[in-house]
1. Take the alpha carbon gyration tensor of segment 126-236, find the square roots of its eigenvalues, order them as a ≥ b ≥ c, and report rounded if a/c is under 1.5; if not, report prolate when a/b exceeds b/c, else oblate.
2. Cα centroids of segment 55-69 and segment 92-118: how far apart, whole angstrom?
3. Amide H neighbours of VAL145 under 5 Å, at least 5 residues apart or on other chains, H built in the peptide plane: list them.
4. How large is Rg over Rh for segment 106-180, taking Rg from the Cα atoms and Rh as the Kirkwood inverse mean of 1/r across Cα pairs?
5. Apply the Karplus curve 6.51 cos²θ - 1.76 cosθ + 1.60, θ = phi - 60°, to the phi angles in segment 92-99 and return the couplings in whole Hz, x for Gly and Pro.
6. Show which lysines lie in cross-link reach of LYS219 when reach means a straight Cα distance below 17 angstrom and same-chain residues fewer than eight apart are skipped.
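Just so it is clear, none of the values below were taken in a lab; they were calculated from the coordinates. These numbers were taken from a predicted model, which means no experiment stands behind them.
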Amino acid sequence: MTARAEAMTVVLPSHWSRRVRSAVVHAASMARVAFTAAHTHAEHHAHPRARLQANNDRLEREVALLREELRIKDARMEKLTAQQRPHYPPEERLAILELRAARGWSRAETARRMLVTPLTIASWTHRLPETHATRAFAKRHAGRVYLNFFNENQRGSAAWNSGERIVQINRTEALDASRAAVRDKLITLPRRDRLVEQFAQHMSADAKVLDEDEETGVKRYRYIKTGTNHFSLAFTYAWMAVDRVYTGSCVVVGSDPLERNILNMQF
């Protein structure tokens, strides 16, 4: 099986003519026909061992073809920088973690196979228990709660999925909007007290910085966490809900239990 898989990864020489390349492709197609015919004969062989060997050969060939398919797809994706690659949505992140557990992969091996960094895998793993708690919270308030997931590829308005009760939005744009609401006096804060001061501290804990990609030189703004920011994110979720339905019949929650408690106090 290994020899078969390795043989399939051989790249045809660039100086070969078009006809020669076409002949190689046709030869591979004929080999498949021959394999199918031989395999069909073996599957109906009178001896059980021959049938078992035919089934093993078929499975080995299928594994080799799937590996080659994955190699081609990965090679294409590896040509893109990390910033250009599409991000995994929440459902696929969970599926990757489940696959990692089933295969017994290390963090580095999982990152290599999924074309992400080990820090990304660590972040997904760290957030997993909180995600389960958040889904339980949403289930208790079915019909009124959307789970929020930040997606750096999302641009413009938030993407609301009413069927799955999930909303995705660009993190920088969402935090920009919530800060604009305070700056433009679209909300009225209560008289200054300890809680309002804590709100201000949490809002300022998300600081906006200008980042430059070392490989491409592309510059873009993003927010970094410099301290406790529970009120900052809770207010951002609340402002998203206000933007969605002005009557306040919708609540958006993240994965942090403290942020959910803050929203419970406000709604």
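1. Oblate, since a/c reaches 1.5 and b/c is not below a/b.
2. Here the answer is 22 Å between Cα centres.
3. Excluding prolines and chain starts, which carry no amide H, the hits are VAL251.
4. Computed over Cα atoms, the ratio is 1.04.
5. 6, 4, 5, 4, 5, 5, 5, 5
6. LYS208
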